[in-house]
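This report refers to the structure that appears directly beneath it.
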Amino acid sequence: MKGPVLVFDSGVGGLSVAQSLRQHYPDAAMCYTCDNAWLPYGLREDAALTERIVSVCQAAVDACQPSVLVVACNTASTLALEHLRQQLAIPVVGTVPAIKPAAAISQTRHIGLLATRATVARPYTQRLIDSFASDCVITRVAADALVVEAEAYLAGITPNTERMQAALTPLWQVVTAPTEHPKLDTVVLGCTHFPLLKPWLEQLAPAPLYWIDSGDAIARRVAQVVAELSSDHHDGRCYTTAPAANLTAGLARYGFKAPQLLNVR
Ligand code: DGL
């Protein structure tokens with residue numbers, strides 16, 4: 001079946017993934033769904049969140065009839081990918097922290113993982129570290145406050161750099177202060193909201209760093225699982241689970257129409 005690519009996130013973070021998808025496939029039709037009624041996912045309890053993610057993705061698949069679902073959320077993917085694959089009849093591409101490319105690029109072998117509280121603590125994340133970065137020191141920083149800043153940014157509010165700086169202090173401490181480990185040189189943006197804040201992250205960082213996200217890897221993966229992408233330019237539909245008129249202008253910048261409410265059973 002030739003349907004659009006359905007991009008799903010708790011909020012606006014998936015737009016960073018949609019942007020990578022558009023760079024790779026400029027003609028591909030895309031739909032966007034976010035579960036803004038349950039945002040932020042990073043602070044939710046696992047069992048209830050798993051059930052919720054499956055219900056919302058099922059409803060979005062029913063509404064959009066996509067050929068592939070891209071779960072553009074690390075917090076959702078590291079928890080519920082297997083459940084989604086069992087439930088849905090289409091391919092599901094997940095987003096997980098880019099530990100492998102970070103390990104390939106880090107020269108000091110000290111990597112920062114900036115993600116939600118849930119993602120930094122997930123067994124899935126630990127397995128990625130064990131598999132691909134066992135020779136690296138990993139400093140995990142839960143930065144859920146940055147999710148709030150990215151949401152505000154898409155609603156037209158300039159990010160608050162004081163609040164961002166407070167969330168980032170534990171990371172900067174291992175960039176600048178002497179520790180028993182070599183200095184950190186690479187940061188994994190393990191939450192899809194964070195690439196939206198990259199200009200501020202780069203500005204606030206006390207030293208130049210490699211910033212790694214999963215956008216390109218996801219875009220490449222989509223081509224591996226779907227033979228042909230639809231190019232129906234009438235798409236660009238967007239569904240939310242709570243009213244989001246404040247996001248209409250931000251969504252339009254990423255090629256999506258004004259949000260409609262999704263009917264989640
Ligand atoms: N964008 C989501 C991620 O990649 C998380 C945001 C949230 O906490 O809802 O993890």
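Restricting attention to the stretch 29-49, and to residues there that are touching a helix residue (DSSP H, G or I) at 6+ places or on another chain (Cβ under 7 Å), more than 20 Å from G250 (Cβ to Cβ) and open to solvent by 10 Å² or more (accessible area, probe 1.4 Å), which single residue is nearest to the ligand (Cβ to nearest atom)? The residue in question is L43.
Taking the stretch 238-259 as the search range and keeping residues that are small (G, A, S) and in a loop (DSSP other than H, G, I, E, B), which one is farthest from Q19 (Cα to Cα)?
Of the stretch 238-259, the ones small (G, A, S) are 242, 244-245, 249-250, 252, 255, 258.
Next, from what is left, pick out any that are in a loop (DSSP other than H, G, I, E, B): 242, 244, 255, 258.
Working: A242: 23, A244: 20, G255: 9, A258: 17 Å.
Top of the filtered list is A242.
Exactly one residue out of L15, L21 is in a helix (DSSP H, G or I), modelled with pLDDT of 95 or more, within 12 Å of the ligand (Cβ to nearest atom) and not charged (D, E, K, R): that is L15.
Does R127 fit the bill of being closer than 23 Å to T50 by Cβ and free of Cβ contacts under 8 Å to residues at least 24 places away in the same chain? Yes; evaluated as a whole, the condition is true for this residue.
Here's a check for you: in the stretch 110-122, which residue that is part of a helix (DSSP H, G or I) and of a type in the set (G, A, S) is farthest from the chain's Cα centre (by Cα)? Across the stretch 110-122, the extreme among qualifying residues is A121.
In the set (1) within 30 Å of Q65 (Cβ to Cβ); (2) of a type outside the set (S, T, N, Q); (3) in contact (Cβ under 8 Å) with a residue 60 or more places away in the chain; (4) in a helix (DSSP H, G or I), the condition left unmet by V96 is number (4). Within the stretch 246-265, the set of residues being open to solvent by 90 Å² or more (accessible area, probe 1.4 Å) and under 12 Å from V12 (Cβ atoms) comprises N246, R253. Within the stretch 102-109, one or more residues are assigned to a helix (DSSP H, G or I), under 14 Å from N74 (Cβ atoms) and among the hydrophobic types (A, V, I, L, M, F, W, C).
Going by what's in this entry, would A150 be described as closer than 30 Å to L247 by Cβ, free of Cβ contacts under 8 Å to residues at least 40 places away in the same chain, within 15 Å of the ligand (Cβ to nearest atom) and open to solvent by less than 70 Å² (accessible area, probe 1.4 Å)? Don't jump to the end; show me each part of the working.
Numbers: closer than 30 Å to L247 by Cβ: yes; free of Cβ contacts under 8 Å to residues at least 40 places away in the same chain: no; within 15 Å of the ligand (Cβ to nearest atom): yes; open to solvent by less than 70 Å² (accessible area, probe 1.4 Å): yes.
Judged against the criteria, A150 is not a match.
Taken together, the residues in the stretch 214-236 that are open to solvent by 60 Å² or more (accessible area, probe 1.4 Å) and within 15 Å of S77 (Cβ to Cβ) amount to 1. Looking at the stretch 169-206, which of its residues are more than 12 Å from the ligand (Cβ to nearest atom), open to solvent by less than 10 Å² (accessible area, probe 1.4 Å) and not hydrophobic (A, V, I, L, M, F, W, C)? Within the stretch 169-206, T186 is the sole residue that qualifies. Taking residues in the stretch 1-12 that are closer than 15 Å to D144 by Cβ and open to solvent by less than 10 Å² (accessible area, probe 1.4 Å), and partners anywhere that are among the aromatic types (F, W, Y) and in a loop (DSSP other than H, G, I, E, B), the pairs with Cβ atoms closer than 7 Å and at least 6 places apart or on different chains are S10/W38. Can you work out which of the residues in the stretch 102-119 that are open to solvent by 10 Å² or more (accessible area, probe 1.4 Å) and within 16 Å of the ligand (Cβ to nearest atom) is farthest from V175 (Cα to Cα)? Applying the filter and picking the extreme gives A118.
The values are calculated or read from the model by the stated rules, or taken from the named source; none is laboratory data. Since this is a predicted model, take the numbers as computed values, not measurements. Glycine gets a Cβ as well: all are built from the backbone with ideal geometry, and neighbour counts include every protein chain shown. Surface areas here come from the heavy atoms of the whole protein model, side chains and all, with no ligands, DNA or RNA. Shrake-Rupley method; radii C 1.70, N 1.55, O 1.52, S 1.80 Å.
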